[in-house]
Amino acid sequence: MINVTRYVCAFEQTLFYTTLCGSYLMKILHIEDCPQISSIFSDILSMSDHEFESTTDGKNGLELVLKNNYDVILLDLGMPYYTGFEFIADLKINRPSEIRKVVIVSALELEEFQIQFLKSQGVYSIHKKPISVQYIISKMMPQNVLSSMIQK
């Protein structure tokens, strides 16, 4: 039987996946209009060997999602020209199965009706900047990996 307490504590560690899950690596897309923020995400995720792509343009992000398969889509809502809300609406039409992979990471002050709308669209979670990259990724761990480990 696995000591669940030991693994729950691992959620806060930087090398969570290599420590807990062997080497579960994710393919992550970050859609963020600020290159400096994207660079921080890239640096941290690269240390854990995750495959990471980023774009500063929401429409380009949509094209990438339509052509590729990502485990996680990190999305800023407050982008110029093509907002995160527009991205979600177009993704819902063109590839609705991918909505569940979207993690909102935004500095926007969202009203309750906006949060409820995003949840109703099926986004995985909503987070306010600033936030720890490790925290976000730990929350995206596939449930089947954790479940199989606990059952051993």
Can VAL133 be described as open to solvent by less than 40 Å² (accessible area, probe 1.4 Å), modelled with pLDDT of 90 or more, under 15 Å from the mean Cα position of the chain (by Cα) and aliphatic (A, V, I, L, M)? no
Members of the stretch 66-88 found to be farther than 20 Å from ILE37 by Cα and at pLDDT 95 or above, listed by number: LEU66, LYS67, ASN68, GLU86, ILE88
Residue count, the stretch 24-78 (criterion: farther than 13 Å from VAL105 by Cα and of a type in the set (A, V, I, L, M)): 11
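The values are calculated or read from the model by the stated rules, or taken from the named source; none is laboratory data. Only a predicted model underlies this, so the values are computations on that prediction, with no experimental measurement involved. We work out accessible area using only protein heavy atoms, side chains counted, and drop any ligands, DNA or RNA first. Shrake-Rupley method; radii C 1.70, N 1.55, O 1.52, S 1.80 Å.
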